[in-house]
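Colleague: Below you will find the structure I want to go over with you.
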Amino acid sequence: MKPVSYILMFLIPLSLLPACVDVDEKPNTRNGNFEALWTIIDEHYCFLDYKAQEYGLDWNAVHEKYKERADTVKTVFEQFRVFADMLAELRDGHVNLTSDFDNARYWDWHEKFSANFSDSLHRIYMGTDYGIAGGLKYRHFINDTDTIGYIYIGSFNTSFSENNLTYVLYLLQDCKGLILDLRNNGGGLLTLSERLASRFTEKKILTGYMRHKRGRGHSDFSDFEVQYVEPFDGLRWTKPVVVLTNRSVFSAANDCVNRLRCCENVTVVGDRTGGGGGLPFSSELPNGWAVRFSACPFYDVNKKDIEFGIEPDYKVDITSEDYQRGVDTILEYAIDMFTSLLP
Amino acid sequence: MFRVLLFLVFFVLTVSAKAQRDTLLARNITTTSNMIGIGGVNVLDTYISPEKYRGTELRFISMTEKRRLGNALSYQRILQLNLSLPHNRARTADYLAGMLNYSWGLHYNFDLLDEKRLNIKLGGLADANLGGLYSTRSSNNPGQLKAYVNITPSVIASYDFPLWRRVFSVRYEADAPLFGVMFSPHYGQSYYEIFSEGHTDHNIVFTTIGCAPSLRQMLSVDVPIGKATMRVGYVGDFQQANVNGIKSHSWSNAFMIGFVKRFRMSKIR
């Protein structure tokens, strides 16, 4: 046998060994991009069944409804608008389509409701002598009878450390109670939600569940996995806490409210939260547009979705009269709770 | 008298030369090669995107082979590093991709043809891989950790041939994993769930050639240049997996160039 034959004897079969692990990319055409977007949501979005129950969402019907429009668009701007309208059917603030010229979003969950938070009112209450520790802004509210601690966390995108929390709680330790204002907190790092909640419980508590998709089917979910909050091994707050919420409390902040309300001394005051009870994933279309969507659903302790928000214990809105007078109705309600309602 | 003296001198020199040869015992032949290369890469990971990313890859390979003289067994160690920055079709996003691979294994040698010009090695490697993908655009599932170990059958064939009064060598190696263990999130499982919440779901996966059909192959030619030997070649690295509902592949084809050193470890008795 010639040497070349020896080499070929091994080369040919080994080259045939690896069967391809591959996917068929959708073509970068009007129809290809439409099908790619619809398929991404169909196979990965986690609330299709839930929203079918809640308001009758039929994702197959959505395909038929928008396919005709998608086939007739003449510009990418029209195409973007059709895609944005289709995604809006999901009624989800975690769903976005991003191109170089626009960011499609669904913001009805807060834009169609009272803001219940005002920068100008907030500035009146905060004054100029407040402290800043990482993403925490804090101060004392002192009235005739009591001193109340106040922490504002406007975002979980600006981090705060355990040390930040320890110092802030230490500096507010003389207060009768604590107001934790999460209004307009649109979310960010989920780990901050857990970090914050761990300061307000004395024991390990069940706060909810989460799941993830295990396949392409709308109902292909993992088992419910428990979520706990464990008490921080250090300075914790054991006095009453009032958490302030509005419709712009979303995503990780929504999760935080869900965790905090399971703690012993916590009361939630304000408006229903905006929701966003699904951990988002990202994907993309053949034309390069990015798409974001909810992928892993969170649930409360009763295994109920928190996608459409969490009701407060006390529903309070900022009235237009109070707004005119420079009074934050929700914040005043919380202060009154400490001075009159709470012991 | 002069003849006797000349005979004695010749005898002593001959004997001493023979004795000197006897004290140098050649034990091992070690061949090392270090190569760098550049090529094209095609990357797919449906956990991050249904799109395939294509681009340029840089690769480094360090290989050591040792064989004891007179012994049919040889061992091999390979260290590979590859880095790439592939982009999607629309060029609106990039991956940062990289993989470190370390393989160690044994081969049984068949020395064939006249003067053992053809050498065929059959054996296996323990093959460890650590790397990942990072999407420069995605914020919530931006990366994918790649970590897996395999038991990998391996075949090497090398053939020495004379050309221009020098000895050239052509060499082919193919390593195809038979089975192993791989880390992988599940289809829609987030890294937050796995690492922050500790919720595991079949994240350590037993893989076989059926669900992770992969192949690393290298075809090279050793070219003697002066006292050095240059190695030029082609590397095809096809890493694939279809586990937990996630399809992934990294297909690399790279041109490699480097130098080979072959030396003999001897022991003085």
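The values are calculated or read from the model by the stated rules, or taken from the named source; none is laboratory data. The model shown is predicted, which means the values in this text are computed figures rather than measured ones. For neighbour counting, all protein chains shown are included, and Cβ atoms are generated from backbone atoms with ideal geometry for every residue, glycine included.
Rundown of residues vs (1) within 21 Å of the chain's Cα centre (by Cα); (2) outside any helix (DSSP H, G or I); (3) away from chain B (no Cβ under 14 Å), yes/no style:
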position	(1), (2), (3)
A:Asn28	no, yes, no
A:Gly32	no, no, no
A:Trp38	no, no, no
A:Ile41	yes, no, no
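Colleague: Something else about it: Give the residue, chosen from B:Pro185, B:Pro162, that is at pLDDT 95 or above and either facing chain A (nearest Cβ under 10 Å) or under 30 Å from the mean Cα position of the chain (by Cα) (or both).
Modeller: B:Pro185
Colleague: Just to be sure I understand, how many residues within region A:275-304 are more than 8 Å from chain B (Cβ to nearest Cβ) and in contact with a Lys or Arg (Cβ under 6 Å, 6 or more places away or on another chain)?
Modeller: So the answer is 1.
Colleague: Another question, then. Within region B:188-205, take every residue that is over 20 Å from B:Thr46 (Cβ atoms) and in a helix (DSSP H, G or I) and give me the one that is nearest to the other protein chains (Cβ to nearest Cβ).
Modeller: Within region B:188-205, the match that is nearest to the other protein chains (Cβ to nearest Cβ) is B:Ser196.
Colleague: Taking region B:123-151, which residues are basic (Lys, Arg) and either over 10 Å from B:Tyr95 (Cα atoms) or in a strand (DSSP E or B) (or both)?
Modeller: Listed by number, the list holds a single entry, B:Lys146.
Colleague: Do we have A:Ser340 as at pLDDT below 95 and hydroxyl-bearing (Ser, Thr, Tyr) here?
Modeller: Judged against the criteria, A:Ser340 is a match.
Colleague: So, in region B:165-177, of the ones that are more than 10 Å from chain A (Cβ to nearest Cβ) and of a type outside the set (Val, Ile, Thr), which residue ends up nearest to B:Ala126 (Cα to Cα)?
Modeller: Result: B:Ser169.
Colleague: Identify, by number, the condition in (1) surrounded by 24 or more Cβ atoms within 10 Å (Cβ to Cβ); (2) closer than 23 Å to A:Phe338 by Cβ; (3) out of contact with any Ser or Thr (no Cβ under 9 Å at 6 or more places or on another chain) that A:Ser251 doesn't meet.
Modeller: Failed condition: (2).
Colleague: Then there's this: Filter region B:46-94 down to the residues that are part of a loop (DSSP other than H, G, I, E, B), more than 14 Å from chain A (Cβ to nearest Cβ) and in contact with a Phe, Trp or Tyr (Cβ under 9 Å, 6 or more places away or on another chain) and list them by number.
Modeller: Passing the criteria: B:Ala72, B:Leu85.
Colleague: Looking only at region A:112-144, which residues are more than 23 Å from the chain's Cα centre (by Cα), among the small types (Gly, Ala, Ser) and part of a loop (DSSP other than H, G, I, E, B)?
Modeller: A:Gly127
Colleague: A follow-up question, please. Of (1) of a type in the set (D, E, K, R); (2) within 14 Å of chain B (Cβ to nearest Cβ); (3) within 30 Å of A:Glu35 (Cβ to Cβ), A:Arg259 satisfies all except one. Which?
Modeller: (3)
Colleague: Here's another thing I want to ask about it. How about region B:112-136: which of its residues are more than 23 Å from B:Arg216 (Cα to Cα) and within 10 Å of chain A (Cβ to nearest Cβ)?
Modeller: B:Leu112, B:Leu113, B:Arg117, B:Ser135
Colleague: Another question, if that's okay. Does region A:86-105 include one or more residues that are at pLDDT below 95 and among the small types (Gly, Ala, Ser)?
Modeller: No; the residues of region A:86-105 include none that is at pLDDT below 95 and among the small types (Gly, Ala, Ser).
Colleague: Only one of B:Gln217, B:Gln240 is touching a Gly at 6+ places or on another chain (Cβ under 9 Å), outside any loop (DSSP other than H, G, I, E, B) and at the interface with chain A (Cβ under 9 Å from one of its Cβ atoms); which?
Modeller: Unique residue meeting the criteria: B:Gln217.
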